[in-house]
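Undergrad: This is the structure I want to talk about, given as structure tokens.
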Amino acid sequence: MMVLTKKMIEIRSILQTVGQSNALTLPSIVVIGSQSSGKSSVLEAIVGHEFLPKGSNMITRRPIELTLVNTPSAQAEYGEFPALGLGKITDFSHIQRTLTELNLAVPESECVSDDPIQLTISSPNVPDLSLIDLPGYIQVVGHDQPAELKQKIADLCDKYIQPPNVILAISAADVDLANSTALRASRRVDPRGERTIGVVTKMDLVDPRRGASILNDRKYPLRLGYVGVIPRVPAQSTSLFKKGSGSIASAITRNENAFFSAHPLEYGAESGLSVGTTTLRKKLMQVLEQTMSASLQSTSDAIHQELEEATYEFKVQYNDRPLSAESYLAESLDAFKHSFKEFTENFGRPQVREMLKEELDQRVLDLLAAKYWNKPVTNLLPAPSDPDSLADLPKADPESLYWHRKLDGSTSALTKLGIGRLATTVVANAIQTNVDRLISQSTFASHPFARQAITEAAAGILNERFYSTSDQVENCIKPYKFEIDVEDAEWARGREHAAGALKNELTAVEDAVKAVEKTVGGKRKLKDVISFVDKARKGEVIVEGGGASGAGGFSSDLLQKGQEALFLSDRATLLKFRLQALKSTQCASKSNKYYCPEIFLDVVSTKLVSTAVLFLNVELLSEFVYQFPRELDVRLGRGLSHEEVERFAREDPRVRAHLDVIKRKELLELVLEKMEGVRDLETSKRERERAR
Ligand code: GDP
């Protein structure tokens, strides 16, 4: 048994997954021949099946790296295209169709491609062999073929017939050997005929004496010799074999035996000639085994060197740090969960309360602006500090029903705002935003798949809890829609908080005025514009035309800015008055609430927030903190297959490179171990031979 070849073929297929490196290419048998020389027939006779593309204009456009694997104990015969992942194909006509499609996929303009098709055929009836089928040489370029086709094919063949490969040069007996393109090509790279096997087909088409003289060729003597074959399935047997099924090997052998034994003088044992596909197969096995054995040392050296390079890279680039796709995912997930935990420690009731209060403060300011501050400002003022300017304005009368209704209306607008929905949205958005932030700060940032999985996990939980939470919150604040009791302490806190909110608002308004000032081109200019706009408002100046062309020497754009600034400075004046009011003794007591709607509404909003927070915490926040890590485990942990984890890890180029080095190193180590085994085998074989 040819153990060496088998082992080396195994090694080759491992090396192929490491990535093609020329230094590591193990010897193959390269099959060349001109079109119609019978090249396909020879290959099919060796395999025992028809599987190569046929048809008048079907030329092979890509090399086929054909690996034959002898499986002595198995029944089944099948082919595999490792690069395509189609699985085991037992129907050889399916293999033929696939090869045809792969050939046709090469664009016409490219003629031929040097990207090889890898095909492995496993069968108890094939020898362990590694063959490369190349496009057949063409003599004349067909009218529908590109002119450079001939040269391209020759160049492609030249690439493959280099040492240490064995050349199987196919020629037909009915064509003068001197004209054989295959032999001429082979002679160029192997002038002393050391690694060429001459195969002469169509022996049945020439007179036996002529046939014998061809096989005895002395013009180009080959150390490995010539073999005469008739690889064609005899016509009468073809009907017995459905296309693509059943072995054709025995029919061919029977036919060859019949032919050659009919001419014992020319082809018999005495003649010393090699004939028949069975002989050819044996020769191929022997030659490949010898060639493999001869290249053992150089291959082993090359692998050693590759391994050293991979080891060096692993050390220098990755500090010998082990990594697997699984460990990478697990570590990333742990780190992410850890960061989430940290986040939850700083995102509890106090934070939610603050967030909601800020949101409601804004709503209260909007309400105040709509219900109170749209009136002449001074009607909410305490005793006028400047009697001249303010004396003629009405004051909030605590007895007046008007002011009662105003405050009741404002309060009910606040309690009926849809607090449940609003509060739940605010908190859900905050959680989602923080999850997004955590993702972008984590290793998952560079993994689109994981990013999406995490975002969806968060959104899923939040969506599921949304309606029940918002209903619960809304239900619980219901009593405030009917009655609100205020304690003295609450009033005092509200007074302080409302003053703070107004101050913040005042700062914001003043900043806005400054921003307008800047766009207009200075304080002075803005003052001029404001004074013009103010006069126009009071009717002291007549604005003619107005509109797009502007007025009073100001452009319409400038006038608009002036109006904006005027509004803002009115608002600032008002806020200052109201701040003064809050500080006044009138606002110190809750009994004066009609004077001080800012304080009363602040107290109400604080009550709403406190109640909402209780339920948000239970219904949304705690639930999320509990469910989210579990959901992550499902989506990014247990739920993923090995392939998915691998794909995930490889999304990050740095991780991919790291994993590749490790894989390469491991495979090379495995290969080297196998190589050592093969070499031991060889050594003991040689010792046994020597002992004999
Ligand atoms: P390729 O173009 O080199 O692959 O050649 P094929 O294997 O397709 O063979 C070309 C033609 O020659 C086909 O019709 C085969 O049936 C025929 N052929 C191949 N070998 C023999 C042979 O030994 N004897 C005869 N008579 N015909 C053969």
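Undergrad: Filter the range 88-114 for residues that are of a type in the set (Asp, Glu) and at pLDDT 90 or above; which is farthest from Ala249 (Cα to Cα)? So that I can check it myself, show each step before the final result.
TA: Within the range 88-114, the first condition is being of a type in the set (Asp, Glu), and the residues that meet it are 91, 101, 108, 110, 114.
From what is left, the residues that are at pLDDT 90 or above are 91, 101.
Numbers: Asp91: 17, Glu101: 26 Å.
Looking at the filtered set, the residue picked out is Glu101.
Undergrad: Please determine, by comparing only the residues of the range 528-538 that are open to solvent by 40 Å² or more (accessible area, probe 1.4 Å) and of a type outside the set (S, T, N, Q), which one is nearest to Leu608 (Cα to Cα).
TA: Let us first name the residues in the range 528-538 that are open to solvent by 40 Å² or more (accessible area, probe 1.4 Å), namely 528, 531, 535, 537-538.
In the following step, the residues that additionally are of a type outside the set (S, T, N, Q) were identified as 528, 535, 537-538.
Numbers: Asp528: 46, Lys535: 44, Arg537: 41, Lys538: 43 Å.
The extreme case among them is Arg537.
Undergrad: Identify, from the list Lys518, Lys525, Lys481, the residue that is farther than 21 Å from Leu574 by Cβ, open to solvent by less than 80 Å² (accessible area, probe 1.4 Å) and charged (D, E, K, R).
TA: Lys481
Undergrad: Looking at Gln145 and the list (1) within 38 Å of the chain's Cα centre (by Cα); (2) surrounded by fewer than 19 Cβ atoms within 10 Å (Cβ to Cβ); (3) part of a loop (DSSP other than H, G, I, E, B), which single condition is not satisfied?
TA: Single failed check for Gln145: (1).
Undergrad: Please identify the pairs in which a residue from the range 427-444 that is open to solvent by 70 Å² or more (accessible area, probe 1.4 Å) has its Cβ atom under 9 Å from the Cβ atom of a residue that is in a helix (DSSP H, G or I) and among the small types (Gly, Ala, Ser), counting only partners at least 6 apart or on another chain.
TA: If the second residue must be in a helix (DSSP H, G or I) and among the small types (Gly, Ala, Ser), the pairs left are Gln441/Ser339.
Undergrad: Mind checking which pairs have a first residue in the range 26-44 that is near the ligand (Cβ under 6 Å from one of its atoms) and a second that is at pLDDT below 95 and hydroxyl-bearing (Ser, Thr, Tyr), Cβ under 8 Å, 6 or more apart or different chains?
TA: Going by the 8 Å Cβ cut-off, the qualifying pairs are Gly33/Tyr137; Gly33/Thr181; Gln35/Tyr137; Ser37/Ser180.
Undergrad: For the range 488-512, which positions are open to solvent by 50 Å² or more (accessible area, probe 1.4 Å) and either closer than 19 Å to Glu354 by Cα or in contact (Cβ under 8 Å) with a residue 12 or more places away in the chain (or both)?
TA: Within the range 488-512, Asp488, Ala492, Arg493, Arg495, Glu496, His497, Lys503, Asn504, Glu510 meet the criteria.
Undergrad: Quick one: is Ser122 outside any loop (DSSP other than H, G, I, E, B), open to solvent by less than 40 Å² (accessible area, probe 1.4 Å), among the small types (Gly, Ala, Ser) and more than 16 Å from the ligand (Cβ to nearest atom)?
TA: yes
Undergrad: Checking Thr683 against (1) at pLDDT 90 or above; (2) over 30 Å from Ile477 (Cβ atoms), only one condition comes out false. Which one?
TA: (1)
Undergrad: Also, quick follow-up: Go over the candidates Lys150, Lys202 one by one and state the one that is modelled with pLDDT under 90 and either within 16 Å of the ligand (Cβ to nearest atom) or open to solvent by 10 Å² or more (accessible area, probe 1.4 Å) (or both).
TA: After applying the criteria, what remains is Lys150.
Undergrad: Say we look at the range 50-75 and pick out the residues that are at pLDDT 90 or above and of a type in the set (A, V, I, L, M, F, W, C); which of these is farthest from the ligand (Cβ to nearest atom)?
TA: Among those residues, the one meeting the criterion is Val69.
Undergrad: Moving on. Take the residues in the range 162-176 that are touching a helix residue (DSSP H, G or I) at 6+ places or on another chain (Cβ under 6 Å) and within 16 Å of the ligand (Cβ to nearest atom); name whichever of them is most open to solvent (accessible area, probe 1.4 Å).
TA: In this case the residue turns out to be Asp174.
Undergrad: Determine, yes or no, whether Ala83 is open to solvent by 70 Å² or more (accessible area, probe 1.4 Å) and out of contact with any helix residue (DSSP H, G or I) (no Cβ under 8 Å at 6 or more places or on another chain).
TA: Yes.
Undergrad: For the range 30-44, which residues satisfy the criterion of being in a helix (DSSP H, G or I) and more than 10 Å from Val199 (Cα to Cα)?
TA: At the first step, the residues of the range 30-44 found to be in a helix (DSSP H, G or I) are 39-44.
If the condition is that a residue be in a helix (DSSP H, G or I) and more than 10 Å from Val199 (Cα to Cα), then Ser40, Ser41, Leu43, Glu44 are the ones that fit.
Undergrad: Go through the range 340-369 and count every residue that is more than 25 Å from Thr424 (Cα to Cα) and either at pLDDT below 85 or of a type in the set (D, E, K, R) (or both).
TA: Of the residues in the range 340-369, the ones more than 25 Å from Thr424 (Cα to Cα) are 369.
Within this subset, residues satisfying the condition of being either at pLDDT below 85 or of a type in the set (D, E, K, R) (or both) are none.
Count: 0.
Here is a yes/no grid of residues against (1) open to solvent by 30 Å² or more (accessible area, probe 1.4 Å); (2) in a loop (DSSP other than H, G, I, E, B):
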position: Lys315; (1), (2): yes, no
position: Arg321; (1), (2): yes, yes
position: Asp334; (1), (2): yes, no
position: Phe340; (1), (2): no, no
position: Asp361; (1), (2): no, no
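Undergrad: Something else about it: For the range 290-308, which residues satisfy the criterion of being among the charged types (D, E, K, R) and modelled with pLDDT under 90?
TA: Let us first name the residues in the range 290-308 that are among the charged types (D, E, K, R), namely 301, 306, 308.
Asp301, Glu306, listed by residue number.
Undergrad: A further question follows. Is there a residue being within 16 Å of the ligand (Cβ to nearest atom), touching a residue at least 12 places away in the same chain (Cβ under 8 Å) and not in a strand (DSSP E or B) anywhere in the range 101-117?
TA: yes
Undergrad: How many residues, within the range 251-273, are over 60 Å from the mean Cα position of the chain (by Cα) and not aliphatic (A, V, I, L, M)? Show your work before the answer.
TA: Step one: of the range 251-273, the residues over 60 Å from the mean Cα position of the chain (by Cα) are 258-272.
Still in the list and also not aliphatic (A, V, I, L, M): 259-261, 263-264, 266-268, 270-272.
Looking only at that region, the number is 11.
Undergrad: Then there is this: Among Lys663, Lys593, which is surrounded by 17 or more Cβ atoms within 10 Å (Cβ to Cβ) and either of a type in the set (Lys, Arg) or within 30 Å of Asp320 (Cα to Cα) (or both)?
TA: None of the other options fit; the residue is Lys593.
Undergrad: Among the listed residues Leu582, Leu526, which satisfies the condition of being aliphatic (A, V, I, L, M) and closer than 24 Å to Tyr402 by Cβ?
TA: Exactly one of Leu582, Leu526 is aliphatic (A, V, I, L, M) and closer than 24 Å to Tyr402 by Cβ, namely Leu582.
Undergrad: It is to be established whether one or more residues within the range 217-228 are buried (at least 18 other Cβ atoms within 10 Å of the Cβ), touching a strand residue (DSSP E or B) at 6+ places or on another chain (Cβ under 9 Å) and of a type in the set (Lys, Arg).
TA: no
Undergrad: Could you please give the count of residues in the range 628-659 that are farther than 30 Å from Thr311 by Cα, open to solvent by 50 Å² or more (accessible area, probe 1.4 Å) and in contact with a helix residue (DSSP H, G or I) (Cβ under 7 Å, 6 or more places away or on another chain)?
TA: 2
The values are calculated or read from the model by the stated rules, or taken from the named source; none is laboratory data. Predicted model, so just to flag it, every value in this text is computed and none were measured. Using ideal geometry, Cβ is built from the backbone for each residue, glycine included, and neighbour counts are taken over all protein chains shown. Side chains included, ligands, DNA and RNA excluded: accessible areas come from the protein's heavy atoms. Shrake-Rupley method; radii C 1.70, N 1.55, O 1.52, S 1.80 Å.
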